[in-house]
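Novice: Questions regarding the structure given below will be posed in turn.
The values are calculated or read from the model by the stated rules, or taken from the named source; none is laboratory data. Note that the coordinates shown come from a computational prediction; the quantities given were computed from them, not determined experimentally. When we count neighbours, we look across all protein chains shown, and the Cβ atoms used for this are built from the backbone with ideal geometry, even at glycine.
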Amino acid sequence: MSEQEQLMRRTNACRFATWELPVFTHPGDCKAAKQQKKYRRMADDLIIQYKAAYGPMNQNSSDTSRWHGINAPWPWDVNKGGNK
């Protein structure tokens, strides 16, 4: 798994925990609220890292460039190790 895929998985795991934690906890649970805040901060930090290294995460990102896909390496330009 490439570094990009690992970063995306970690980001998605933190986002999932942020979204799902309130479903399985009591509304007044302060410990769960702190944990949710922690996961939200972690997800935000990971998203910043991802954008800095690989560009926007999806087409709905506010900082998309219409040339991002063209400037990125094409599938046939990348070898099995993930390098150009």
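Novice: Got a number for residues in the range 5-44 being surrounded by 13 or more Cβ atoms within 10 Å (Cβ to Cβ) and not hydroxyl-bearing (S, T, Y)?
Specialist: Keep residues of the range 5-44 that are surrounded by 13 or more Cβ atoms within 10 Å (Cβ to Cβ), which gives 7-8, 10-15, 17-19, 21-22, 25, 29, 32-33, 35-36, 38-40, 42-44.
Subsequent filtering for residues that are not hydroxyl-bearing (S, T, Y) retains 7-8, 10, 12-15, 17, 19, 21-22, 29, 32-33, 35-36, 38, 40, 42-44.
Result for the range 5-44: 21.
Novice: To continue, here is another question. Before we move on, is G55 of a type outside the set (A, V, I, L, M) and at positive phi? Steps first, answer last, please.
Specialist: Details: of a type outside the set (A, V, I, L, M): yes; at positive phi: yes.
Judged against the criteria, G55 is a match.
Novice: Let me ask something else. What single numbered condition from (1) modelled with pLDDT of 90 or more; (2) more than 21 Å from the chain's Cα centre (by Cα) fails to hold for D45?
Specialist: (2)
Novice: Here's something else I'd like to know. Which residues, counting only those in the range 45-60, are touching a helix residue (DSSP H, G or I) at 6+ places or on another chain (Cβ under 9 Å), surrounded by fewer than 15 Cβ atoms within 10 Å (Cβ to Cβ) and aliphatic (A, V, I, L, M)?
Specialist: Correct list: A53 only.
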